[in-house]
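The values are calculated or read from the model by the stated rules, or taken from the named source; none is laboratory data. Everything numeric in this text was worked out from a predicted model, so none of it was measured. When we count neighbours, we look across all protein chains shown, and the Cβ atoms used for this are built from the backbone with ideal geometry, even at glycine. Protein only, heavy atoms only, side chains kept; ligands, DNA and RNA dropped before computing areas. Shrake-Rupley method; radii C 1.70, N 1.55, O 1.52, S 1.80 Å.
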Amino acid sequence: MSQTEKEILGGAAGLAGAIAIESGTQLGEIEIKARGYWEQVWIRLRRDKIAIAGGVTIILLLLAGFAGAPIAQAILGHSPNDIYSFSAVNQTTLLPVGPWTWIQDTLHGATPNSKTLFILGSDSSLGRDEFLRLLYGAQVSFEVALLSTFGAVSLGVLLGAIAGYYRGWVDTIVSRVTEITMAFPALLFIIALASTVGPRLNDITFGFLAKGVFTLFVIFSVFGWFYPARIVRAVVLSLREKEFVEAARMTGAGDWRIIRSHILPHLIAPIIVYSTLAVATFILGEAGLSFLGVGIPLPTASWGNLLASAPDYYTLQPWLMVWPGLAVLVTTLSFNLLGDGLRDAFDPRSAH
């Protein structure tokens, strides 16, 4: 192609012609690949370095809790519930030993002089390993938070979708139940539950859960569904009037098929964003209830239990409050940062 022909083509075809000239292709041969919805979400998310850092931190915490805890137990040679009340407690001051202390292993030692390492010291006057209890406490916190988020979001999405789609008396009933749940004194109910049927519920583990996890899962699911229900109801009220829903009705699709195939896919973004924020809320809830003594029962390790025993030594052994407190802070902050990043990625207009 001569220079004159290039100028004529570039002037007549505008931007497309200029691109064709620069790339050495003929006009009409340029292939433009459209990006899918999820690809665009990922591109926007990975630009948010803070949200990515939060996601990486969450992955590391999950690995530390579920994979690192049993590995650390095998390496150190003792469990988080082993009591070294004599060797892991200063017999003069009766204070727990400090970080990176080698103590005499009176429980698992092959010889009388066998020693074992307490990386973060002992947790209290009972002389249990603070480091292992912190790792196993991560397991418990994540089990409670993830299961409770699944239960609360599933129940909330179901009730919210039904209320928003059917409206009328169905919406009225769901809305009144939502308001009652919001106004119910949940803490008093939890205290009463812990003192009555709590011990029996705590024994339900299904063979893989820690004691007390199922109880908190039920409580958080029952008292945590109303917020996602209100979010989903508002979105469904808007979606049910859209043209694609009317078109589905005209083709003879039933209500449940419309909800399942046409409405629920549009709820994925708000559900994912809310779920990440709900996990952080339930982690704080578990820590708070365990701190009050109505959450995870001892001797099961949890971050709330570790914080509950720490104030007894806060002036002389302040790190007993630092480790579990820092774990709760980093975890909740990571989930909140990831949730904010996901919200902006799904709806870039919300960032402006």
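The table for this structure:
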{"item": "One residue from Ile21, Ile32 being at pLDDT below 70, in a loop (DSSP other than H, G, I, E, B) and of a type in the set (Val, Ile, Thr)", "result": "Ile32"}
{"item": "Members of the range 301-313 found to be open to solvent by less than 10 Å² (accessible area, probe 1.4 Å), part of a helix (DSSP H, G or I) and either in contact with a Gly (Cβ under 6 Å, 6 or more places away or on another chain) or not small (Gly, Ala, Ser) (or both), listed by number", "result": "Trp303, Gly304, Leu306"}
{"item": "Single unsatisfied condition, Leu158 versus (1) without any contact (Cβ under 8 Å) to a residue 40 or more places away in the chain; (2) open to solvent by less than 20 Å² (accessible area, probe 1.4 Å); (3) within 19 Å of Ala269 (Cα to Cα)", "result": "(2)"}
{"item": "Condition check for Ile263: surrounded by 16 or more Cβ atoms within 10 Å (Cβ to Cβ) and modelled with pLDDT of 90 or more", "result": "no"}
{"item": "Verdict on Tyr165 being crowded, with 16+ Cβ neighbours inside 10 Å, at pLDDT below 90 and assigned to a helix (DSSP H, G or I)", "result": "yes"}
{"item": "Pairs where the first residue, in the range 314-334, is assigned to a helix (DSSP H, G or I) and the second is buried (at least 16 other Cβ atoms within 10 Å of the Cβ) and of a type in the set (Val, Ile, Thr), C-beta under 6 Å, 6+ apart", "result": "Thr331/Ile283; Thr332/Ile283; Ser334/Thr57; Ser334/Ile58"}
{"item": "Count of the range 273-300 residues which are open to solvent by 20 Å² or more (accessible area, probe 1.4 Å) and in a loop (DSSP other than H, G, I, E, B)", "result": "6"}
{"item": "Residue tally, condition surrounded by fewer than 24 Cβ atoms within 10 Å (Cβ to Cβ) and either of a type in the set (A, V, I, L, M) or part of a loop (DSSP other than H, G, I, E, B) (or both), over the range 139-152", "result": "2"}
{"item": "Single unsatisfied condition, Ala210 versus (1) closer than 22 Å to Ala138 by Cα; (2) without any contact (Cβ under 8 Å) to a residue 60 or more places away in the chain", "result": "(2)"}
{"item": "Thr181, sole failed condition from (1) modelled with pLDDT under 90; (2) open to solvent by 40 Å² or more (accessible area, probe 1.4 Å); (3) touching a helix residue (DSSP H, G or I) at 6+ places or on another chain (Cβ under 8 Å)", "result": "(2)"}
{"item": "Pair list, Cβ < 7 Å and 6+ apart or interchain, from the range 50-71 residues that are of a type in the set (Phe, Trp, Tyr) to residues that are at pLDDT below 95", "result": "Phe66/Gln139"}
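Results for (1) more than 19 Å from the chain's Cα centre (by Cα); (2) open to solvent by 30 Å² or more (accessible area, probe 1.4 Å); (3) not aliphatic (A, V, I, L, M), shown as yes or no for each residue.
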position	(1), (2), (3)
Thr196	yes, yes, yes
Leu201	yes, yes, no
Phe214	no, yes, yes
Ala229	no, no, no
Asp255	yes, yes, yes
